[in-house]
Structure formats: structure tokens, C-alpha cells
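J.: Dropping a structure here in C-alpha cells format, bear with me for questions.
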Amino acid sequence: MNTPPRIYGFRGGLHLPGHKEESTRTPIRPAPVPPVLVLPLQQHIGAPAKPVVKVGDRVLRGQTVAAAEGYVSAYIHASSSGTVAAIEDRPIAHPSGLSGPCLAIRTDGLDEALAQPEWEPCADCTKLDPAELRARVRRAGIVGLGGAAFPSFIKLNPGRPVDTLVINGAECEPYITCDQLLMAERADEIVAGARAILHAVGAQRCLFGVEDNKPDAIGALRAAAQADPRIEIAVVPTRYPQGGEKQLIQALTGREVPSVGLPLDIGIVCHNPGTARAVWRAIRYAEPLTARVVTVTGGGIRAPQNFEARIGTPIAFLIEQAGGTVGETAAPIMGGPMMGFSLRSTDVPMVKATNCVLVLPRAEVRDPAPAMPCIRCGACVEVCPIGLLPQQLYWFARGREFEKAEAHHLFDCIECGCCAQVCPSHIPLVQYYRYAKTEIWAEEREKRKADEARERFEARQARLEREERAKEEARRKKKEALAARTAAPKSVPAPLVGEGQGEGAAAPPTPNPLPQGEGEAR
Amino acid sequence: MNVKSSPHLAVQPTVAQVMRDVLLALIPGVAAYVLFFGPGVLLNLALAAASCLAFEAAALRLRGKPLRPFLGDLSALLTGALLALALPPGAPWWLVATGCFFAMVLGKHLFGGLGYNPFNPAMVGFVVLLISFPLEMTRWPGPQPLWDAATDALSSATPLDHVRTQLGLGRTLAEIGGDAPLGWLAGRGWEWVSLGYLAGGLWLLARRTIRWQIPAGVLGGLFLTALAFWAADGDRYASPPFHLLSGAAMLGAFFIATDPVTAATTPRGRLLYGLGIGVLTYAIRTWGNYPDAIAFAVLLLNICAPTIDRYTQPRVYGHRPRQEP
């Protein structure tokens, strides 16, 4: 019918073994509701949500249990019915292994939904005012399901002209297949969601970017999108990190997102297919985000597959549902093998951003042998999708030459891991870049603190001088008045009053306890 | 649990594999060498390999570094091989050992070992020998093909040296062309050794062990400069093929200049780095005091590599061209 969209490609990248087949042999299976759901209050970028229920309250599926706090934040809903068991700090899935504020629900097995949804379902999203649509997406607690978990309603509120909506169905990381199966099985809902987003951002064109290793997803999407000429399904050659937002935008449009900018700066908004589907369900059925598709896979999992699991399900429960682990396994990874982080414990809940739980046999993970020195072979330069010089950044990070690292665009690094994957010296390069970034941030914080302290100090100095001058002035006036009094023969005692006033004006600075206190406080 | 930072997958290539590939790629050139000049070069290779490994081990021991990973990375073996191929076959054992000592200790370990040396270690060893022992270093045997035992193995000048000397005596290239050391394109026998190195180099390119920029730069620079002068005066300036197939041009382009540690690392920088070596090689060959010049050219460009890298950074995604900090 119409010509396939032009593919521009992106720089660098890698061919990685896909390992997609393992988890795509069976369709998405709804996971059972676990006995306890743990909902971290911060599953998104932005401020943590604020609980609106108390310990002991009975909650129903779809009920708001924590409300967004401020603009950049997200609502959180009960993923099943039960009783609020605790609102406290619990271990969460985070690279640091730290705990965070969570709301735990002891489920009752009834999985009872709210009788009346918290907002009205709407059969035709195009009848809805974009502002109202965004409000509902916000109430539904939808965040980017691709991994970043940025509150979606904000991206539906561009405030600037948008010409193209990109739906990122590249799913380039090995092992992960949640988007692939979702696109194959629920293409109509995803396409409907894309239409809703087009309406919300006022764009006229939607490009689905899907890698060519997912023919089933491509076929389903083509069929679903056939009726809408605004929607094109762009098939891109499989190459990691195609699914990086910047890379996919470049591959589909030939445009580059400016450094330290947003896709919006070049008239593009990018969403994940799972997010599009969640948007559709939030509008059509008034359904908040309480479940998502998650891939449980890897050579260490007995029966790899995709689950539609409730947000807050413990990772250990999911692994059990997939038949448990086999053989000697490495630490489970949340996310993919290239950009995910390894978990210290499986006793943490999956969150809205959890797309994959990967358990690899110990033999398949990077061996902990000490790295060899960099031989500057430049393999990393060839694969860097950003065009950085990873080996130079490594030297600068190692030598703590952070200024040079910044000058070599350290902060443009997307941490895709291509460089570390091809390094013959087995240097964990990305780790060095993360280290350099955090050091630079820490330095900036220190500098800001020092600047503030200096400003405080200078303000204090200025105030002391001012006060000294005022004192001086008062003394001079007093002297003048005295001189005038002695010069003039005895007169009315009026100057005495003036003298008293003068003293009064000069009085406050003299004790001066405050600045000393300040000095001590520092 | 063993918690690690991403990426998590096991990494395939190793430094030893890279070095092993380069060593394997030397085989065609060495085979041609043995075929045309007899097995003397093998003695050099064995001696240099043993010396380099011994000096590497000693240096590692003195520096308190583990022996196994660094001896196993094959880099010392490669340095030894490259140095051995640059020396005249049948060179005295102490000459080879001295070269290896300077390559490994002065050229490599004094700077911090693998990855930290600014100069190509094999070329450091070679230049030390060339300057210190000019007599031994210029005593090259003539071609002594394995299939032709009758040919005498008297030492003779290398083709580059011969052409140089004869040009100095006022003969033209047309007159020199029929002399004994010269073959159909370049030096008799040497041209085949060079073609062997070329074959190995192309294999390395196909395996993506080395990238095209440096060899293309070296050979391109040498070819284009030679072409310009040869076109201007074919009687006094040797032809481009003669330059490409003589001396260490092919060995240098594919095996020596491509030493990643001491070369430029940006794609454009590597091209420039190679071009510099090519042009400089021609200049020293033609107007300098030494018949061949790959070693000097490589060492001189080693000095320039950091500066070249600095000014040839690729454009970064999302940055406008020429927008530098």
C-alpha cells in the first residue's frame, strides 16, 4: 500500500546473541497474586508518593493507596485486595541495595476490584480534552514502562509542537521479550494507546520502531494499524542498543536529540508500547496501572516465560512461578544483561519499571578475574553509539581527571555497555564512568556548598562592616553633639534626649551574639 | 551474592587472542622469508622470543607483578617476533639479546609495562641496535632460495641500500634496474616477503583484529609521496611499488604501526598517524642517512599520537560539528 518508512540507522552498536526464544515459546501468563504485595512509594522518577491509607485499612484492587506528591510524581494503587499490613522501610530493588519507604498489603485472595472506578471510563479518547486525558493518565499512576519510569502524563503535556510520536518497540537487549509478546498479543490495545497519545500531544505521525527479529509483533502491529494512515510500522535491523531512545530516534528519523536536551526539542515524543497500552486501558476502562508484563528468563531459570504480574510481587515469587532456578546461578539481574543491575536479594518487589528478571548460570556472567591494562585497541570506539572515546574516558576516570572526562563528553554516555562488552582487557568500563559521574556530582555539590558558605561569610562580613560604620557614625555624631554642647553655653536639656536616642540606635550591634553563633554553627 | 555492575555477560575477546592473531598473521611473510633467504630468520625468531619472555619475566618479578597473566598475554612474544624480523638473519646472538633487553626493559617496563609504553618496544630495541652496532645491523645475506642450493650466501646490500648507494654514485634507476639485488618489482626475494606480510595483514583486517585506517595511512602516504616524486623524475626517484614492497613497509604498515598501545586511537587520528609514518618513511629513505626508515617514522609518530588524538575527536551524538569545549 504505502512505501515502508526510510531507516537511517545509528552509529556503532553490537550484534549480541538474542536469547529471545527461551521466553517466547508460551504466551503471556497471568501470575497468581502473591500472599504479600510490597509497593515501594517511589517507583518512578520524582518525589515519592504519599500514602492515603492507614495500616489495617482494607483496600481493593485499583484503589489509590498513595497519591502523587507534587508535579513530578505518580499515584500508586493497590494491585489486589487485602489489608494494609505495614507502611515502613523495606529492601527495594535498587543498585545500592538500600531500603526505601514501602506499603505492604497482605492479600486476601479475593482479588476484589473497586466497585466504582475512581474516574469515568471513556469509549472514545478523541472526544476527551487532552488536558482531561492527561489528568486521567496521571490518576492511573502510569510511568514509562520501558525502564526509566518517568511519569507519563508529563510527556503527554509537551507545551511545544510535536510532529512525531515514536513507539519504542525495539527491545534490543538480549533475553527481554515482554514488549515483543505484548506487541504480538495486544497489538490493538497498543495501537489504540498510540492514537490516544497522538491526540494528547497533537502529533500527526506515529512511528513504531520494531527490530526485525520480532516478525510476529510486526505482523500484529501492521494488522492493527492498517486503518490509520498516521501510523507506520518501521522495521529496523536488529542491533544493540537500538532501543536506546536517542538511537531509535536517530534510526527512524535521522534526527539527533541535542546533548543535554530532550526528544521534545526536536519535535519528538517517545513512549514504550507497554506504556501506550496502559494509557489506553486507563482511558477506556478507567483502569490504573496495577500489573505489567515481566520476562523471567535466563539459563538459570527452569521454565523461562512472560508473566502479567501484579506490581509489588516479590521477585522470589516470580522465580518460583517460572519453576525456580537450575544449577549454579549468578545473582539475579533486574532488567537486561547489558543495562540491568544485579540484586542482593530476591526478597524485593517488582516495580512498574521491572521489565525482566534474569537469572544466568554462573559460567555465563563476566568473570571476576582482574582486568588487564588497556591496550588502546579502539574496539570500544567502534561500538560506541554516541561517538565517544571510551578508552580516553577510562584513563581520565582512573586518573581522576574529571575535567578532562567532562570535556570528552562523559555526560553524553548512555551506559549501554557496548564498550565493556568488546574490551579484550575485560575492563568494567561503565563502572568507571559511573564512578566519574558520581564523583563529579559530589564535587559539584561540595562546590555549591562551599559557594553558599562563602556567600554567607561575605554577607556576614558586609553586615559587620555596615554595623561598624553605623557605630562609627553614631560615635562621630555623639562627639559632634558633645562638641556642640561644650561650644554652646548651657542650654535646654534637649540634646540629652538626642544623645540618648543616638546611643539607642548604636546599641544593637554592640553585643553582637548572632554572628558568633553563626561562626560556631559552621 | 556476588553483585556486579552492568554489563553482566561474559566477555569473549582477550588481549592474548589479539596478540595471537597478529602472531599467526606473520606466518605467510616468515614462510616467504625462509623460502628466499634460508632458515636463518627462524633462529632469530627463537632467540628473540626466548629473550623477550625472559626479560619480561625478570621485569615483572622485579616490579612485583604476577607473571602468569602478563606472560600469557603473548605481547612479549609479539615484540620479540617483530624485532627478530627486523634484524639481519644470522645476526650474532648477543645482538638479538641486547635488542630484546632494550625493547622489553627500556621500551616497555620502565614505563609501566603493557599498555603504558609511549614508544613501540620492538622499534626502540631496533633503533638502539641500529645506532649502536651499525656494522652488524647492515650485514644482510643475499637471497639464498631453498630450492637453489648453488646460490652463494654472501652478504650483500639490501635493495633499498643498494639503490640508495648507486643513486649516490650518479647512476639512474634505469641503469640500476638490472642489478643483482633487484627483482621484478622491488628487491629480489624481498618483494615476496613483503607480499607475504601483505597477505597476513589483509587477514588481520578481515578478522577485524586491526582496523584499516593505519595500514591505509602508511601505505597511502608512502605510495602518494613516492608517486609524486617518481612522476617528476623517474630516473632519480624509485617507483611507488618499489617503495611499498621494499624494506619494512608492509611489515610496518600492518604489524608495527598498528601496535594499538602506541598509536593514535581515534578513527581519523589513526589515518593521520599512518599518513605521517608513510610520508616520513619516504622522506628519511630518500633524503636521510638510513636506507630504511619505518622504525624512525613510527617512533616519531608515537610522540605525536596524543596530540593527534586530541585534535581528531569524533563528533559526539547530539553535538553540532566543530562545537568543542
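J.: Hey, does segment A:70-82 have a residue that's under 26 Å from residue A:347 (Cα atoms) and of a type in the set (Phe, Trp, Tyr)?
T.: Scanning segment A:70-82 turns up at least one residue that is under 26 Å from residue A:347 (Cα atoms) and of a type in the set (Phe, Trp, Tyr).
J.: Now a separate question. Suppose we filter B:15, B:96 for residues that are crowded, with 17+ Cβ neighbours inside 10 Å, closer than 30 Å to residue A:415 by Cβ, touching a Ser or Thr at 6+ places or on another chain (Cβ under 9 Å) and touching a residue at least 40 places away in the same chain (Cβ under 8 Å); which single one remains?
T.: B:15 is the lone residue from the list that is crowded, with 17+ Cβ neighbours inside 10 Å, closer than 30 Å to residue A:415 by Cβ, touching a Ser or Thr at 6+ places or on another chain (Cβ under 9 Å) and touching a residue at least 40 places away in the same chain (Cβ under 8 Å).
J.: Looking at segment A:96-115, which of the residues that are of a type in the set (Gly, Ala, Ser) and closer than 20 Å to residue A:50 by Cβ is surrounded by the most Cβ atoms within 10 Å (Cβ to Cβ)?
T.: A:104
J.: For segment A:363-383, give me the residue count where each residue is surrounded by 21 or more Cβ atoms within 10 Å (Cβ to Cβ), facing chain B (nearest Cβ under 7 Å) and either in contact with a strand residue (DSSP E or B) (Cβ under 9 Å, 6 or more places away or on another chain) or in contact (Cβ under 8 Å) with a residue 40 or more places away in the chain (or both).
T.: So the count comes out to 5.
J.: Quick one: residue A:38 ticks every box in (1) outside the structural domain of residue A:173 (by TED's automatic domain parsing); (2) surrounded by 17 or more Cβ atoms within 10 Å (Cβ to Cβ) bar one, so which box is it?
T.: So residue A:38 meets the others, but not (1).
J.: Can you go through A:139, A:90 and tell me which one is assigned by TED's automatic domain parsing to the domain that holds residue A:38, in contact with a Pro (Cβ under 9 Å, 6 or more places away or on another chain), in contact (Cβ under 8 Å) with a residue 24 or more places away in the chain and more than 22 Å from residue A:155 (Cβ to Cβ)?
T.: Of the residues listed, the single one that is assigned by TED's automatic domain parsing to the domain that holds residue A:38, in contact with a Pro (Cβ under 9 Å, 6 or more places away or on another chain), in contact (Cβ under 8 Å) with a residue 24 or more places away in the chain and more than 22 Å from residue A:155 (Cβ to Cβ) is A:90.
J.: In the set A:185, A:189, A:173, which member is among the acidic types (Asp, Glu) and under 22 Å from the mean Cα position of the chain (by Cα)? Before the answer, list the steps.
T.: Working: A:185 fails: under 22 Å from the mean Cα position of the chain (by Cα); A:189 fails: under 22 Å from the mean Cα position of the chain (by Cα).
Just one listed residue meets the conditions, A:173.
J.: Could you tell me whether any residue of segment A:263-274 is more than 27 Å from the chain's Cα centre (by Cα), assigned by TED's automatic domain parsing to the domain that holds residue A:77 and not in a helix (DSSP H, G or I)?
T.: For segment A:263-274, residues more than 27 Å from the chain's Cα centre (by Cα), assigned by TED's automatic domain parsing to the domain that holds residue A:77 and not in a helix (DSSP H, G or I): absent.
J.: Quick check on residue A:227: is it surrounded by fewer than 19 Cβ atoms within 10 Å (Cβ to Cβ) and within 14 Å of chain B (Cβ to nearest Cβ)?
T.: Judged against the criteria, residue A:227 is not a match.
J.: Would it be correct to say that residue A:338 is within 26 Å of the chain's Cα centre (by Cα) and more than 7 Å from chain B (Cβ to nearest Cβ)?
T.: Criteria not met by residue A:338.
J.: Taking the condition out of contact with any Lys or Arg (no Cβ under 9 Å at 6 or more places or on another chain), of a type outside the set (Lys, Arg) and within 14 Å of chain B (Cβ to nearest Cβ), does residue A:413 pass?
T.: No.
J.: Also, I was wondering about something else. Among the residues of segment A:384-405, which ones are facing chain B (nearest Cβ under 8 Å) and surrounded by fewer than 20 Cβ atoms within 10 Å (Cβ to Cβ)?
T.: Narrowing segment A:384-405 to residues facing chain B (nearest Cβ under 8 Å): A:385-389, A:391-392.
Answer for segment A:384-405, where residues must be facing chain B (nearest Cβ under 8 Å) and surrounded by fewer than 20 Cβ atoms within 10 Å (Cβ to Cβ): just A:387.
J.: Still on this structure: Hey, does segment B:130-149 have a residue that's part of a helix (DSSP H, G or I) and touching a Gly at 6+ places or on another chain (Cβ under 6 Å)? It would help to see each step written out before you state the result.
T.: So in segment B:130-149, the residues part of a helix (DSSP H, G or I) come out as B:130-132, B:134-137.
Those still in the list that are touching a Gly at 6+ places or on another chain (Cβ under 6 Å) too: none.
No: zero hits.
J.: Consider residue A:423 against the criteria (1) more than 9 Å from chain B (Cβ to nearest Cβ); (2) under 30 Å from residue A:338 (Cα atoms): it satisfies all of them except one. Which criterion is unmet?
T.: Checking residue A:423 against (1) more than 9 Å from chain B (Cβ to nearest Cβ); (2) under 30 Å from residue A:338 (Cα atoms), the one that fails is (1).
The values are calculated or read from the model by the stated rules, or taken from the named source; none is laboratory data. Quick caveat, the model's predicted, so the values are computed rather than measured. All Cβ positions, even for glycine, are placed from backbone atoms using ideal geometry, and neighbour counts span all protein chains on display.
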